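The values are calculated or read from the model by the stated rules, or taken from the named source; none is laboratory data. Keep in mind that this is a model prediction, so the values were computed, not measured. No Cβ is skipped: glycine too gets one built from the backbone with ideal geometry, and neighbour counts run over all protein chains shown.
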Amino acid sequence: MKKKAFTIIELMLAMAFLGTMLVGIASLTMRITNIYQKGLALRSVNAIGREIISDLTRTINASRVNIDINPEIPSNYKVEDQQINDARANYYLETAESGKQWGGVFCTGDYSYVWNTADTFRLLRQNAHLKNKEYTGAYISYALSKHAYVIKTDEGYMIPKFARFHDKDRRACAHEEKKYEPAADSEEGSIKPNARTFYLGAGSKLDAATELIEDSESDLMLYNFTIFPATQHETTKQIFYSGMFILATYRGGVNIQSNGDFCEGSNNENGTRGSDITLNDFDYCAVNKFNFSARATGETGINKYGG
């Protein structure tokens, strides 16, 4: 009696077909997962970007209008660029070097914003203590030496991504070496306060800072934040601000100077791209540029927004 069965060739063909089908299913699943992850990163960037614009707009709209932000017009009615820059320094400062913006400050006259860019955090993350947020003693001095803006509150130190705090006198944009004196019982030790140190809370009569870019899986950071020279109406004194910022993920080796694709692959802790670059890094990379404008129309005096 003859028994019917598949030949070796038929089994090999069936196995090859099944293997090809499984590989195709796995590739499709991975592709769908990557697209989904890319979508999550883009959605996170856009959502946080809109929240930042909304916060800026509310704060500026409610800020006082009697801030002198324009340069004095000379008798020949010719305003020099240096005069514009000097007037702009009353409400906007930035720390920049070698074509990179390390951080900055924007003072509305009621609330001030302070930020550190991704380039600054890339330097800070070389240090394990800063990476683990053990912001004490010599490590704050290290952060300051690496261009970082630091906020000291009653709860401890804070190296903000983009934070807002009450500052009706625009002291954050002042040029004194010590704009905020530490409390008498401070534990600064070897820390030397400078123009990038802000002391809030006890002894300063200022509110604690509010971080607007919270830590998340996407690990979002500012890559640039610029306020353009503002204008002020001669009669009403209302001020019109406009600006732009670039918000992106830290992962993916974002390079805003690139022509074309801004996602160049993963970054090592020292800020360079190495042999560990994988295609998955691009799926966790998202970048967007936001523009905004707002007019300060608030009443003269201390504004209560966000207090």
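Specify the residue that is modelled with the lowest pLDDT; the eligible residues are those in region 244-270 that are out of contact with any Lys or Arg (no Cβ under 6 Å at 6 or more places or on another chain), under 19 Å from TRP115 (Cα atoms) and in a strand (DSSP E or B).
The qualifying residue modelled with the lowest pLDDT is VAL254.
Mind checking which residues of region 225-243 are in a strand (DSSP E or B), among the aromatic types (Phe, Trp, Tyr) and farther than 17 Å from SER63 by Cα?
PHE225
Between residues in region 227-243 that are over 13 Å from GLY298 (Cα atoms) and at pLDDT 85 or above and residues that are of a type in the set (A, V, I, L, M) and crowded, with 16+ Cβ neighbours inside 10 Å, which pairs lie under 6 Å by C-beta distance while being six or more apart or on different chains?
ALA230/ILE69; ALA230/ILE239; TYR241/ILE60; TYR241/ALA230; TYR241/ALA294; GLY243/ILE227
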